[in-house]
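Asker: After the structure tokens below, expect a handful of questions from me.
The values are calculated or read from the model by the stated rules, or taken from the named source; none is laboratory data. Being a predicted model, the structure only gives us computed values, none of them experimental. Neighbour counts run over all protein chains shown; Cβ positions are idealised from the backbone, glycine included.
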Amino acid sequence: MSYLPIKQILQAPTVGQDITVKGWVRTKRESKNAVFIALNDGSTIHNIQAVSEAGQLPDDTLRLITTGACVAITGTLVESLGSGQAVEIKIAEVHVYGPADPEKYPLQPKRHSLEFLREIAHLRPRTNTFSAILRIRHALAFAVHKYYNDNGFFYLNTPIITASDAEGAGEMFRVSTLDPINPPKTEDGKIDYSQDFFGRETNLTVSGQLEGELGAMALGKIYTFGPTFRAENSNTTRHLAEFWMIEPEMAFYELEDNMALAEDFVKSVIRYALDNCADDLAFLDNRQKEEEKNKKKEEQSEMSLLEKLRFVVDNDFERLTYTEAVEILRNSKPAKKGQFQYEVSWGIDLQSEHERYLVEKHFKKPVILTNYPREIKAFYMKQDSEPATNSRGEVFGPTVRAMDVLFPGIGEIIGGSQREDDLDKLTGRMAEVGIEPEAIWWYLDTRRFGTAPHSGFGLGFERLVLFVTGMGNIRDVIPFPRTPKSAEF
Ligand code: 4AD
Ligand code: MG
């Protein structure tokens, strides 16, 4: 007999049917008259209950049915007499695939801290919280592909090993097959990468954008969705050394079109999760409500997880320039009371405390900031022709056609821009920041042959999953996180 996913059984139960389910025991409870097994197979957050009469199962089998054991249960689906479930399985037979020694199995049926669960990342998908997160993560990834497919974009696979530093921030992991103890040296004592695997120095990519632009200049609208690597030593709840990024790139899009796409895209994938992950989101919504109870009144959030998701889907994002944002921040209460750790002035890279003030306190909704100072943004962003002015008529600049989308609880979720399509301006900026034209001659060729206005952005996939699941730490929304000093599993 083949087995059925628990999700399918619970969605459309056929009472009286003989079935087999296979999964991992969450709990076993014995009363005077019966044995109750709660089984979960990962297809849904819900367990199925299986019941046998006391004395029915052989003692040898019963002993092996403990939390974490993998079993196949065959029996008849019947209406449940208990209050927790509509149906249950009246057990005919249990086969134990793999027992889990209760003395050693670390995941006992009680509340474990997220920190402890990170130490057993190989087992944490067996908890309600992590299985819910992983199913939602899957649904969001599917929604991303669906959104772009439905909107005429082509999925472009950009390289993971690359010789260029797309963001120019120098935060790359080297890829090399040279002997680390005794690498070949050039005459002036430097490592001779010409003898390395690719005949040059190579790294793991920090972004697929540069190659993405090549695709857009031929296919019109493309997107990438792949792993991205950054060797930045940021031990925060928002940074991973290995994360997944979605990067659409569109010919003929200007900054305004780029913003409209970003807003529509994020809303669309969140709506998909609301429509397709109701059980898992309800579980996480509840979990968050429980957590909130332990917080101080002033730290409790005004909206529940589900309310927050619906709010983002139903409301327009606020759009303003960096210059306007700086003015709001400088006039803000925390600035006047000296409560920001970093003082705000035109030209600074906004810190997450500033971004969160704008999103969570001032506008209370997602915000798109545009036209940032040129000095703090990447070389490829289109230069604004006019300087920026604030409400007092003060003039600032130069600025670029950048946009960052900021989300409550997250800060920056998307970074993007219109691209500099003018060859001279682009190479001029590269010279200022010290990027050799020879290093990315192929990128510059798009500006030499058939250049066009174009734009794109990058969405950090884990930051999206963080927002949708309401979790507090990015390490908890990717199966096996990579962070400084941590690459177990
Ligand atoms: O703002 P970033 O650095 O932009 C780029 O890489 C551009 N090339 C994107 C483009 O225009 N095609 O990164 C984009 C997003 C950020 O907004 C953030 O959500 C996420 O990637 N991100 C990270 N997520 C997790 N851990 C990290 N260390 C991240 N660094 C960036
Ligand atoms: Mg950014």
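Asker: Assuming LEU369 fulfils every condition listed in (1) within 27 Å of HIS239 (Cα to Cα); (2) more than 16 Å from ligand 1 (Cβ to nearest atom) apart from one, which condition is it?
Answerer: Here LEU369 meets the rest and fails (2).
Asker: Quick check on my filter: what residues within segment 372-411 are free of Cβ contacts under 8 Å to residues at least 60 places away in the same chain and either of a type in the set (Phe, Trp, Tyr) or touching a helix residue (DSSP H, G or I) at 6+ places or on another chain (Cβ under 6 Å) (or both)?
Answerer: TYR372, GLN383, PRO398, VAL400, LEU406
Asker: To continue, here is another question. For segment 85-109, give me each residue that is closer than 23 Å to PRO125 by Cα and in contact with a helix residue (DSSP H, G or I) (Cβ under 7 Å, 6 or more places away or on another chain).
Answerer: Listed by number, the residues that qualify are VAL96, PRO99, LEU107.
Asker: Which pairs do you get when a residue that is farther than 14 Å from ALA216 by Cα, found in segment 440-458, comes within reach of a residue that is in a loop (DSSP other than H, G, I, E, B) and within 16 Å of ligand 2 (Cβ to nearest atom), reach meaning Cβ atoms under 7 angstrom, with the pair 6+ apart or on two chains?
Answerer: Going by the 7 Å Cβ cut-off, the qualifying pairs are GLY458/SER207.
Asker: Looking at segment 338-354, is at least one residue assigned to a helix (DSSP H, G or I), surrounded by 15 or more Cβ atoms within 10 Å (Cβ to Cβ) and in contact with a helix residue (DSSP H, G or I) (Cβ under 6 Å, 6 or more places away or on another chain)?
Answerer: Yes: segment 338-354 contains one or more residues that are assigned to a helix (DSSP H, G or I), surrounded by 15 or more Cβ atoms within 10 Å (Cβ to Cβ) and in contact with a helix residue (DSSP H, G or I) (Cβ under 6 Å, 6 or more places away or on another chain).
Asker: Filter segment 393-421 for residues that are away from ligand 2 (no atom under 15 Å from the Cβ) and in a loop (DSSP other than H, G, I, E, B) and give the result.
Answerer: Those that are away from ligand 2 (no atom under 15 Å from the Cβ) and in a loop (DSSP other than H, G, I, E, B): GLY393, GLU394, GLY397, PRO398, PRO408, GLY409, GLU420, ASP421.
Asker: Go through (1) under 23 Å from THR44 (Cα atoms); (2) of a type in the set (A, V, I, L, M); (3) not in a helix (DSSP H, G or I) for LEU274 and report which single condition fails.
Answerer: Checking LEU274 against (1) under 23 Å from THR44 (Cα atoms); (2) of a type in the set (A, V, I, L, M); (3) not in a helix (DSSP H, G or I), the one that fails is (3).
Asker: Yes or no: segment 249-265 includes at least one residue that is farther than 27 Å from ARG419 by Cα, touching a residue at least 24 places away in the same chain (Cβ under 8 Å), surrounded by fewer than 21 Cβ atoms within 10 Å (Cβ to Cβ) and assigned by TED's automatic domain parsing to the domain that holds ARG447.
Answerer: The answer is no; no qualifying residue exists.
Asker: Quick test of your reading of the structure: GLY397 fulfils all but one of (1) surrounded by 21 or more Cβ atoms within 10 Å (Cβ to Cβ); (2) away from ligand 1 (no atom under 16 Å from the Cβ); (3) modelled with pLDDT under 95. Name the failing condition by number.
Answerer: If we test GLY397 against (1) surrounded by 21 or more Cβ atoms within 10 Å (Cβ to Cβ); (2) away from ligand 1 (no atom under 16 Å from the Cβ); (3) modelled with pLDDT under 95, just (1) comes out false.
Asker: Sticking with this structure for a sec: Those residues that are out of contact with any Phe, Trp or Tyr (no Cβ under 7 Å at 6 or more places or on another chain), within 15 Å of ligand 2 (Cβ to nearest atom) and aromatic (Phe, Trp, Tyr), I need them from segment 448-462; list them, please.
Answerer: PHE457
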